[in-house]
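A.B. asks: Please read through the structure below; I'll follow up with questions.
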Amino acid sequence: MEKKTISDYVYDKILEGIVQLTYAPGEKISETQLAAALDVSRAPIKSALAKLEKEGFVSIKPQYGTFVSKISVERARSICDIREILEVEAIRKAVVSMTEEQLDKLQDLFDQMDAFRDEKAEKRQFIYDADVALHNEIYLASGNVIIAEIMQRYMPEIQRIQRANITWADRQIPTQAEMKKILKALKARDEEQAAAAMKEHISNIRKTIQTI
């Protein structure tokens, strides 16, 4: 495995902050503050920000500073369009090939999710993590490595959209219900119901993007 450099570490940490909404869309971020927070010099910060700008996650404006890019509604919708095509196909394959062990693992995760009560932020994080786990198990069970590779390419944007969707669009409870519907169809080995549940889940994300 290739050893990560300081620049790689800094890039990963800033991207993580953007995806997790620690750095909100439109927020100005300071190279000096980032360097202090990550205990590095400004050189790897500049390198990381330049890379993030190329990828569309930040905008560097000379004389003004660096700003976290806003979530593009048009791009988010396009990503949802691609997700719907690929993930509906993936779940059709996963219905047949997902193991009982995978299903039990997801059920255990969902049971833990249901056990949360008043810790709103903590439960929201758990729902988000469970959603990621659900989709990852579906990619794995589909057996289609190309679908997994394509989804991985856009994963930071997908996760940022989903986190914003759960956090700001008040879709915590609906997301949880949609996830349960997907798992129920998987456990029933019902291909059509699984495909419909996945399509509904992604369609609802698409519909609420405008409110983010």
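The values are calculated or read from the model by the stated rules, or taken from the named source; none is laboratory data. Not measured: the values here are computed from a predicted model. Please note: Cβ atoms are built from the backbone with ideal geometry, for glycine as well, and neighbour counts cover all protein chains shown. Please note that ligands, DNA and RNA were not included when accessible areas were found on the heavy atoms of the full protein model with its side chains. Shrake-Rupley method; radii C 1.70, N 1.55, O 1.52, S 1.80 Å.
A.B. asks: Looking at (1) loosely packed, with under 13 Cβ neighbours inside 10 Å; (2) closer than 21 Å to residue 158 by Cα; (3) touching a helix residue (DSSP H, G or I) at 6+ places or on another chain (Cβ under 8 Å), which is the one condition that is false for residue 88?
C.D. replies: (1)
Residues are listed down the side, and each one gets a yes or a no for (1) basic (Lys, Arg); (2) over 25 Å from residue 70 (Cα atoms):
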residue	(1), (2)
133	no, yes
138	no, yes
141	no, yes
155	no, no
183	no, yes
207	yes, no
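A.B. asks: Continuing with this model, one more query. Within the stretch 35-50, is even one residue buried (at least 19 other Cβ atoms within 10 Å of the Cβ) and closer than 22 Å to residue 155 by Cβ?
C.D. replies: yes
A.B. asks: Counting only residues that are without any contact (Cβ under 8 Å) to a residue 40 or more places away in the chain and under 27 Å from residue 125 (Cβ atoms), which one in the stretch 1-13 is most open to solvent (accessible area, probe 1.4 Å)?
C.D. replies: Ranking the candidates gives 4 first.
A.B. asks: Still on this structure, please answer the following. Being within 22 Å of the chain's Cα centre (by Cα) and open to solvent by 30 Å² or more (accessible area, probe 1.4 Å) is the filter; apply it to the stretch 51-68 and report the residue that is nearest to residue 10 (Cα to Cα).
C.D. replies: Selected residue: 51.
A.B. asks: Based on what the data block shows, is residue 202 under 23 Å from residue 111 (Cα atoms) and within 15 Å of the chain's Cα centre (by Cα)?
C.D. replies: yes
A.B. asks: Residues 110, 126: which one is touching a helix residue (DSSP H, G or I) at 6+ places or on another chain (Cβ under 7 Å) and free of Cβ contacts under 8 Å to residues at least 24 places away in the same chain?
C.D. replies: Going through 110, 126 in turn, just one is touching a helix residue (DSSP H, G or I) at 6+ places or on another chain (Cβ under 7 Å) and free of Cβ contacts under 8 Å to residues at least 24 places away in the same chain: 126.
A.B. asks: Scanning the stretch 144-179 for residues that are assigned to a loop (DSSP other than H, G, I, E, B) and in contact (Cβ under 8 Å) with a residue 12 or more places away in the chain, which turns out farthest from the chain's Cα centre (by Cα)?
C.D. replies: 144
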